[in-house]
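Inspection log for the structure reproduced underneath, given as structure tokens.
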Number of protein chains: 2
Amino acid sequence: MSRQPRADAVRNRERVLAAAAEVFGEAGIDVPMSEVARRAGVGIATLIRNFPARADLVEATFGAAMTDYADTATRAAADSDPWAGFCGFIGYVCRIPQRDRGFAQVLTTMFTGAELLEAQRQRGLREFIRLVRRAKAAGALRADFSPHDLPLILLATGGVMRTQSPALATAQDRLIGYLLQACAASNTTPLPGAPPPRDLYAALEFRRGGQS
Amino acid sequence: MSRQPRADAVRNRERVLAAAAEVFGEAGIDVPMSEVARRAGVGIATLIRNFPARADLVEATFGAAMTDYADTATRAAADSDPWAGFCGFIGYVCRIPQRDRGFAQVLTTMFTGAELLEAQRQRGLREFIRLVRRAKAAGALRADFSPHDLPLILLATGGVMRTQSPALATAQDRLIGYLLQACAASNTTPLPGAPPPRDLYAALEFRRGGQS
DNA sequence: CCTAAAGTGGAAGGGGTCTTCCGCAACAGT
DNA sequence: ACTGTTGCGGAAGACCCCTTCCACTTTAGG
């Protein structure tokens, strides 16, 4: 019979995850591991033993957020008003960097080997593609909008929030306003061509997330 | 009589500046100083002696680029077609991160104490304000566009080019397309209010650039 | 040429982060 | 309560970057 897992070990693991969510959210996923350990009230060794690589901790920390992201896309795609669904989803996505700096980084990083994360991301993208199709069919979204402009928007809004600050969060709402109006079907001036999605995603940041 | 400055010292200083322009342009202004020295073919001590702080080297390296930026704003403000001037200037600004990653950082950083840099930046902003006024008067630019959305645009485009790559450069041209169309006067949906410029600029990254 | 001064490069020191190691403490099962 | 095991925490080592220092080289001027 395998022994029952130790209660304190389980508790420590959860404390680390809670601390990671806090710290990553505030300062991004490249924050010193020692800071996470300190905030969790555990030693560095305990942190490392549970999550040998930074990517392991990141994956465990943001699994829920990524699932939530995909769920939000699903809900938006099911909205009875496709344009409202589109605006709502874009607004949600653009405000991610305000709420959670770490998750914004995760969304613009490809974690090779982190199945959970990548599966949810893909699901989110699929739902967004559906959403875009519906919004175009309704005549609200310009025809040359590409679902693959989404990472672009994420990178742009992430750039604005590089220095976390309330003033920039306010300013960012303006950027969202500009972008949404630019997405409206009433704009007919053609856009420059997009790069092949393949190249686009290859250009994002990569990290190998072993997940032991 | 003061001696004539040594020829090799002058040459080294110039080599350092050339190397810094290259390296900063490719990898940003936070690249290790040793890398700049290596590329310049000089020792670290030589670099440090000429530019005691990183900000000193940055200021010396990007003085010309900042002047060029202000000049471009002046030219745009003098364009006989204000809307063309506006679009041209925004396109120029948005492509800065593609051409020169370091300069993009400089543009979104306040260098306290670097007179040359700050003077030119201010001049650029003044000219941009003139440009905006003209474009609005011509009825081409939406009335609620604020000149202080410029740093916002800079941060956004800088975020897209975080990972330097040709595919993202192409994608970025799309972002520029979206933004310009959103700026057109034909868009009448009001934008969210902007933060007070004071708060906005206070939120940018700060570095003190002593300039010995 | 010769010399004093100016300039050079690399090595050593200090701070910070990541990783490994190991003696010790706490827990589950009896 | 006892015990074998599991997990803990901090210290030590490695690495990277910036800064300071100093013996040596190169230059300008006589």
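A quick yes/no check of all residues on (1) more than 23 Å from A:Ser165 (Cα to Cα); (2) among the aromatic types (Phe, Trp, Tyr); (3) in contact with a Gly (Cβ under 8 Å, 6 or more places away or on another chain); (4) at pLDDT below 95:
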{"residue": "A:Leu17", "(1), (2), (3), (4)": "yes, no, no, no"}
{"residue": "A:Gly25", "(1), (2), (3), (4)": "no, no, yes, no"}
{"residue": "A:Pro32", "(1), (2), (3), (4)": "no, no, no, no"}
{"residue": "A:Ala37", "(1), (2), (3), (4)": "yes, no, yes, no"}
{"residue": "A:Ala40", "(1), (2), (3), (4)": "yes, no, no, no"}
{"residue": "A:Ile48", "(1), (2), (3), (4)": "yes, no, no, no"}
{"residue": "A:Thr61", "(1), (2), (3), (4)": "yes, no, yes, no"}
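This table checks each residue for (1) within 14 Å of DNA strand D (Cβ to nearest atom); (2) touching a strand residue (DSSP E or B) at 6+ places or on another chain (Cβ under 8 Å); (3) among the β-branched types (Val, Ile, Thr).
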{"site": "A:Gln4", "(1), (2), (3)": "yes, no, no"}
{"site": "A:Val31", "(1), (2), (3)": "no, no, yes"}
{"site": "A:Arg38", "(1), (2), (3)": "yes, no, no"}
{"site": "A:Thr46", "(1), (2), (3)": "yes, no, yes"}
{"site": "A:Ala53", "(1), (2), (3)": "no, no, no"}
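Could you count how many residues in segment B:152-211 are among the β-branched types (Val, Ile, Thr) and free of Cβ contacts under 8 Å to residues at least 60 places away in the same chain?
4
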Return the pairs, sorted by first residue and then second, in which the second residue is near DNA strand C (Cβ under 10 Å from one of its atoms) and of a type outside the set (Val, Ile, Thr), the first residue lies in segment A:1-20 and is assigned by TED's automatic domain parsing to the domain that holds A:Asp100, the beta carbons are less than 8 Å apart, and the residues are 6+ apart or on different chains.
-> none
A:Thr74, sole failed condition from (1) closer than 30 Å to A:Ala135 by Cβ; (2) among the polar types (S, T, N, Q); (3) without any contact (Cβ under 8 Å) to a residue 40 or more places away in the chain | (3)
Neighbours by Cβ (under 7 Å, 6+ apart or cross-chain): first from segment B:47-59, away from every other protein chain (no Cβ under 14 Å); second within 7 Å of DNA strand D (Cβ to nearest atom) = B:Leu47/B:Met33; B:Arg54/B:Met33
Scan segment B:156-175 for residues that are aliphatic (A, V, I, L, M) and modelled with pLDDT of 95 or more and jot them down.
-> B:Ala156, B:Leu175
Filtered residues of segment B:163-185 (kept if assigned to a loop (DSSP other than H, G, I, E, B), under 19 Å from the mean Cα position of the chain (by Cα) and more than 7 Å from every other protein chain (Cβ to nearest Cβ)) | B:Gln164
Those residues that are at the interface with another protein chain (Cβ under 7 Å from one of its Cβ atoms) and of a type outside the set (S, T, N, Q), I need them from segment A:186-201; list them, please.
-> A:Leu191, A:Pro192, A:Ala194, A:Pro195, A:Asp199, A:Leu200
B:Phe145 vs. criteria in a helix (DSSP H, G or I), buried (at least 21 other Cβ atoms within 10 Å of the Cβ), modelled with pLDDT of 95 or more and more than 7 Å from chain A (Cβ to nearest Cβ) | no
Some residue of segment B:57-72 being away from DNA strand D (no atom under 11 Å from the Cβ) and over 24 Å from B:Thr109 (Cα atoms) | no
Look at A:Phe128 and say whether it is modelled with pLDDT of 95 or more, more than 14 Å from every other protein chain (Cβ to nearest Cβ) and within 16 Å of DNA strand C (Cβ to nearest atom).
-> no
How many residues are more than 26 Å from A:Thr109 (Cα to Cα) and surrounded by 15 or more Cβ atoms within 10 Å (Cβ to Cβ) when one looks only at segment A:1-37?
-> 1
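The values are calculated or read from the model by the stated rules, or taken from the named source; none is laboratory data. Everything quoted here is computed from the prediction, not taken from an experiment. So basically every Cβ, Gly included, is an ideal-geometry build from the backbone, and we count neighbours across all protein chains shown.
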